[in-house]
Amino acid sequence: MSKKDKEQQAVEAEVVESQVVETGDYVVKKKPELDGRTKELLDLRYSMNHQRINFYRQEWFRFSRLGKKWRRPKGMHSKMRCHIKYRPNVVSIGYRGPRDVRGLHPSGFKEVLIWKPEDLDAINPAVEAVRIGGSVGAKKRMAIQAKADTLGIRVLNRTV
C-alpha cells in the first residue's frame, strides 16, 4: 500500500467520524471522568456484587408465606442470629463494597435527584448524572431532558 493510499484512507476515516448523527440513530452515552483507582474499585464492586451469596429470611424454606426477602433474625433462641454453622448466612458488614465507590451509579456517576429544570444549573456534568423525580409529569420531564441535552448532562431515567 502506497503512502498516497494511506493518506486517502485517513481522510476518508476523518470524514466518516465527522458525520452528523441523524435523528433516531444511536448516540453513545456520556461517560464520567474517573481516575484509575475509581475505575478499579468500580470493577471490584461489580465482581463482588456478582459473587455475593443470596441472603434469605429465617425459616423461609418452612413457611412459603414468609418469602425469600431478607429480614434480620431477632429471636432470643435463634440459631441463625447466633451464626450456627448449618444455618444460612446473615447479612454483615464484611459483604460491603469498597467505601470510595459506595452510592455511585454503576456507570461511575454520582446520582443527583431533581424535580425541575432549574436544578440542572448546579450539576457538574463531569462527575454527576441526573435522576428525575418520580412525581414529575411528562411535560416538565421533557423540558428537563431537553435542557440536560444542551448542558451535556446525562439523565439516568430518560424516557424515550
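Just so it is clear, none of the values below were taken in a lab; they were calculated from the coordinates. Please read these numbers as outputs of a predicted model, since none were measured by experiment. For neighbour counting, all protein chains shown are included, and Cβ atoms are generated from backbone atoms with ideal geometry for every residue, glycine included.
Using square roots of five times the C-alpha gyration tensor eigenvalues, list the equivalent-ellipsoid semi-axes of region 55-122 in whole Å, biggest first.
Semi-axes from the Cα gyration tensor: 38, 16, 10 Å.
Against the empirical 2.2 N^0.38 Å (N residues), region 69-160 has a Cα radius of gyration ratio of 1.67.
Note on K147, K139: ascending count of other Cβ atoms within 10 Å places them as K139, K147, the fewest first. Amide H contacts of R154 (H built 1.01 Å from N, in plane; Pro and chain starts excluded): V130 sit under 5 Å, all sequence-distant by 5 or more or on other chains.
By the combined test of axial Cα extent (at least 15 Å) and Kyte-Doolittle hydropathy (mean at least -1.0), the qualifying DSSP H helices of the chain come to 138-151.
Just one of [x] 56; [y] 27; [z] 50 is percent of Cα pairs over 27 Å apart as worked out from the coordinates here. Which one is it? Computing percent of Cα pairs over 27 Å apart and matching it to [x] 56; [y] 27; [z] 50 gives [x]. Over the residues of the chain, the helix contribution to mean residue ellipticity at 222 nm works out to -9000 deg cm²/dmol, using -39500 (n - 2.57) for each DSSP H run of at least 4. The residues R37, R45, R65, when put in order of fewest to most other Cβ atoms within 10 Å, stand as R65, R37, R45.
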